[in-house]
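The values are calculated or read from the model by the stated rules, or taken from the named source; none is laboratory data. In this text, all values refer to a predicted model and were calculated from it rather than measured experimentally. Cβ atoms come from the backbone with ideal geometry, glycine included; neighbour counts cover every protein chain shown.
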Amino acid sequence: MTTMNKMNSAAMHGLLLSLITIIASLLQTTFEIKSMLVSTLLWAVKFGGCIFTLHYFMKQYSLQSEKDHVSYGESFRYGLLVCLFSSVVCAGYMLLSLTILFPEQVDVATEQINTVLASGSYNSDQEKAVNSILDRLPQLTFIYSLIYYIIIGAVMSSIIANYTKKENPFAPEN
C-alpha cells in the first residue's frame, strides 16, 4: 500500500471511527440522558464499538497489504494514524458542540460552578481563576479531548496491533 493510499485509508477510517463517538454524544445530548445506568450503557456500547471498529480497520489494513509480512510496528502505526484522524474529528466536534450546536451546555456548567463558588468557601482570587477558565471552556475542552482521544487511541492501537499483524512463518528471511 503506497503512502498516499495509506493516508487516505487512515483518514477515511478515522472519520468512520469518530462517527461512533459523535453519534453517542449526540444521542446523550439530544435526548438529555441523565440516568447513570443508561449513560453507562451508552458509554460501554460506544467504547466496545470503537474497539471493534478499530480492530476491523487494522485487520483490513493487514490483509490488504501486498507484503507477506506486516509487523507489529506497521500495524500499530496504521492504527495510531487512524486514531489521530479520529481524535481531531472528535475534538473538533466537541468544540463545535460547545460553541455552536449546544452552547447552553457551557451555560449550565458555568451556573453549577458559580453555585459552588457562592457557597463562600472560596476567596476572590480563586473565583477569578475559575471564571477565567470558564471563559475558555470550549477551547480547553478541545485540547483536553484531543489529548484524551490520542492517548486512548495509542493504547488501543498498541493492544490491537498484536492481534492484527500478519506473519508468514514460511517466508524466507531477509
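So is SER75 more than 13 Å from THR21 (Cβ to Cβ), touching a residue at least 40 places away in the same chain (Cβ under 8 Å) and not basic (Lys, Arg) or not? I'd like the intermediate steps shown before the answer.
Details: more than 13 Å from THR21 (Cβ to Cβ): yes; touching a residue at least 40 places away in the same chain (Cβ under 8 Å): yes; not basic (Lys, Arg): yes.
Yes: the conditions hold for SER75.
ALA109 passes all but one of (1) within 21 Å of SER145 (Cα to Cα); (2) modelled with pLDDT under 95; (3) touching a Ser or Thr at 6+ places or on another chain (Cβ under 8 Å); which number fails?
Just one mismatch for ALA109, condition (3).
Scan VAL82, VAL89, VAL130 and give me the residue that is farther than 23 Å from GLU32 by Cα, within 19 Å of the chain's Cα centre (by Cα) and among the aliphatic types (A, V, I, L, M).
On the way: VAL89 fails: farther than 23 Å from GLU32 by Cα; VAL130 fails: within 19 Å of the chain's Cα centre (by Cα).
Selected residue: VAL82, the only one of VAL82, VAL89, VAL130 that is farther than 23 Å from GLU32 by Cα, within 19 Å of the chain's Cα centre (by Cα) and among the aliphatic types (A, V, I, L, M).
Taking MET156 and the conditions (1) more than 20 Å from MET7 (Cα to Cα); (2) in a helix (DSSP H, G or I), which numbered condition does it fall short on, given that it satisfies the others?
That leaves (1) as the condition not met.
Kindly list, by first and then second residue, each pair from a residue in the range 1-28 that is within 19 Å of GLN60 (Cα to Cα) to a residue that is polar (S, T, N, Q) and not in a helix (DSSP H, G or I), limited to pairs with Cβ atoms under 8 Å and residues at least 6 apart or on different chains.
Cβ pairs passing all conditions: MET1/SER65.
Identify all residues within the range 85-106 that are exposed (fewer than 14 other Cβ atoms within 10 Å of the Cβ) and either over 30 Å from LEU15 (Cβ atoms) or β-branched (Val, Ile, Thr) (or both); write none if there are none.
ILE100
Name the single residue, out of those in the range 39-75 being β-branched (Val, Ile, Thr) and at pLDDT 95 or above, that is surrounded by the most Cβ atoms within 10 Å (Cβ to Cβ). Steps first, answer last, please.
Filtering the range 39-75 down to residues β-branched (Val, Ile, Thr) leaves 40, 45, 51, 53, 70.
Narrowing the set further to residues that are at pLDDT 95 or above leaves 40, 45, 51, 53.
On the way: THR40: 10, VAL45: 13, ILE51: 15, THR53: 17.
Here the answer is THR53.
When the residues of the range 125-138 are narrowed to those that are surrounded by 13 or more Cβ atoms within 10 Å (Cβ to Cβ) and of a type outside the set (Val, Ile, Thr), which ends up farthest from LEU95 (Cα to Cα)?
The first filter runs over the range 125-138 and keeps only residues surrounded by 13 or more Cβ atoms within 10 Å (Cβ to Cβ), leaving 127, 130-131, 134, 137-138.
Then drop every residue that is not of a type outside the set (Val, Ile, Thr), which leaves 127, 131, 134, 137-138.
Working: GLU127: 24, ASN131: 19, LEU134: 14, LEU137: 9, PRO138: 6 Å.
Only one residue fits best here, namely GLU127.
Which of (1) assigned to a helix (DSSP H, G or I); (2) surrounded by fewer than 17 Cβ atoms within 10 Å (Cβ to Cβ) is the odd one out, the single condition HIS13 does not satisfy?
(2)
From the list TYR122, TYR144, TYR149, which residue is surrounded by 12 or more Cβ atoms within 10 Å (Cβ to Cβ), modelled with pLDDT under 85 and among the hydroxyl-bearing types (Ser, Thr, Tyr)?
On the way: TYR144 fails: modelled with pLDDT under 85; TYR149 fails: modelled with pLDDT under 85.
It is TYR122.
Among THR30, THR21, THR2, which is β-branched (Val, Ile, Thr), buried (at least 17 other Cβ atoms within 10 Å of the Cβ) and on the phi < 0 side of the Ramachandran plot?
On the way: THR30 fails: buried (at least 17 other Cβ atoms within 10 Å of the Cβ); THR2 fails: buried (at least 17 other Cβ atoms within 10 Å of the Cβ).
Of the residues listed, the single one that is β-branched (Val, Ile, Thr), buried (at least 17 other Cβ atoms within 10 Å of the Cβ) and on the phi < 0 side of the Ramachandran plot is THR21.
Identify, please: which residue in the range 49-61 is within 13 Å of the chain's Cα centre (by Cα) and without any contact (Cβ under 8 Å) to a residue 60 or more places away in the chain and is, among those, farthest from ASN8 (Cα to Cα)? So that I can check it myself, show each step before the final result.
Our first condition is that a residue be within 13 Å of the chain's Cα centre (by Cα); within the range 49-61, this holds for 49-51, 53-54.
Of the ones still in play, those that are also without any contact (Cβ under 8 Å) to a residue 60 or more places away in the chain are 49, 53.
Numbers: GLY49: 22, THR53: 17 Å.
Filtering the range 49-61 for residues that are within 13 Å of the chain's Cα centre (by Cα) and without any contact (Cβ under 8 Å) to a residue 60 or more places away in the chain, the one farthest from ASN8 (Cα to Cα) comes out as GLY49.
Residue by residue, here is whether (1) of a type in the set (A, V, I, L, M); (2) closer than 30 Å to LEU54 by Cα holds:
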position: LEU98; (1), (2): yes, yes
position: ILE113; (1), (2): yes, no
position: SER119; (1), (2): no, no
position: ASN123; (1), (2): no, no
position: TYR144; (1), (2): no, yes
position: ILE147; (1), (2): yes, yes
position: ILE151; (1), (2): yes, yes
position: SER157; (1), (2): no, yes
position: GLU167; (1), (2): no, yes
